[in-house]
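Report on the following structure.
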Amino acid sequence: MSRTLLIPLVSTGNVPQLTADLVLHSLSSEFHFIESLDSTHLHPFVGPLDYVFEQQEPVLFSKFAPEKTYSTALELFYNDSRSLYVIQQRTPVIQGYLNNFVRDVICPLVGKLRITDVVILDSFGALDEDIVANTSRTSKTNNFYSDALCQVRSVGDVVREMEAGLHLNSPSLSSNIANTLFQFTTDSVQQELSTRQQAFKFAYHLLNSPFPQFQRIKYCSAFVHEGDNSYDAHLLCDHLTNVIDGFKKITKHTPPVSWKGVYGSRPVPTSFDEGIYI
């Protein structure tokens, strides 16, 4: 049976984090808190427990962790009916420590939970220089997503595929078809993964870890614009049916209370007092 770990990268508009919020709180009766993960490599964070608008108690925590009174930077949740683990990361990795974070926290977790599929959520904007993408395609196809799959194989297969992509064994460099570890769908905005992207670091360390049960890395990225990105999160949440095997579309999206007053969720100010909208 497959076990999936959903990892939201801290990226443009925080869309992956908002999407994770929607998944967790829309299905709060199915998910529960497992543990706070080591956040040594992340910027410090402590905050109140989150819950949905209609509830007055944090359902995600009340059943298995009733003594928990605050949220931390990195937390793990589980949905037994869907065999789905979800990480919620609330702060970025400290600059220069991404490799340490993936190697010391994520890889051991994948081994411990016997994960078969890792799903990486990402987002980028027009000004993100590390992303190689043809954003003009969005106006033609009305598709703002990039979906890619990496099948985990032997180290020898990985090396040969990397050589093929670099054309090291080809007498001619004229070919415009490069084999890559990640195979993107034909309608994706991206068609390759830059070595400067966070997702590449995750893939590199996961592929170099000895997990006999580990099978696939899935990558899903959304092209977004900075601003009110709550709607982008709703759309990406709906798109998860194309990314996570057996994941049924969530019929009712329920944002947590932490969204209240943020991303346009509060009434527009109607009065102006001494230069401040109130």
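The values are calculated or read from the model by the stated rules, or taken from the named source; none is laboratory data. This structure is a prediction, so every number in the text was calculated from the model and none was measured. Cβ atoms come from the backbone with ideal geometry, glycine included; neighbour counts cover every protein chain shown.
Which residues, taken from the stretch 94-123, are in a helix (DSSP H, G or I) and hydrophobic (A, V, I, L, M, F, W, C)? Hits for the stretch 94-123 are Leu98, Phe101, Val102, Val105, Ile106, Cys107, Leu109, Val110, Leu113.
Taking the stretch 61-83 as the range and being in contact with a Phe, Trp or Tyr (Cβ under 6 Å, 6 or more places away or on another chain) and among the aliphatic types (A, V, I, L, M) as the test, the residues that pass are Ala65, Ala73.
Exactly one of (1) modelled with pLDDT of 90 or more; (2) in a helix (DSSP H, G or I); (3) aliphatic (A, V, I, L, M) is unmet by Ala148. Its number? Single failed check for Ala148: (2). For the stretch 58-79, the criterion of being among the charged types (D, E, K, R), touching a residue at least 12 places away in the same chain (Cβ under 8 Å), under 27 Å from His253 (Cβ atoms) and touching a Gly at 6+ places or on another chain (Cβ under 9 Å) is satisfied by no residue at all.
If I ask for residues that are touching a helix residue (DSSP H, G or I) at 6+ places or on another chain (Cβ under 9 Å) and either charged (D, E, K, R) or within 18 Å of Leu84 (Cβ to Cβ) (or both), which ones from the stretch 106-151 would you list? Ile106, Val110, Ile115, Val118, Val119, Ile120, Leu121, Asp122, Asp128, Asp130, Asp147 - these are the residues of the stretch 106-151 that are touching a helix residue (DSSP H, G or I) at 6+ places or on another chain (Cβ under 9 Å) and either charged (D, E, K, R) or within 18 Å of Leu84 (Cβ to Cβ) (or both). The lone criterion from (1) touching a Lys or Arg at 6+ places or on another chain (Cβ under 7 Å); (2) farther than 17 Å from Leu37 by Cα; (3) crowded, with 19+ Cβ neighbours inside 10 Å left unmet by Val102 is number (2).
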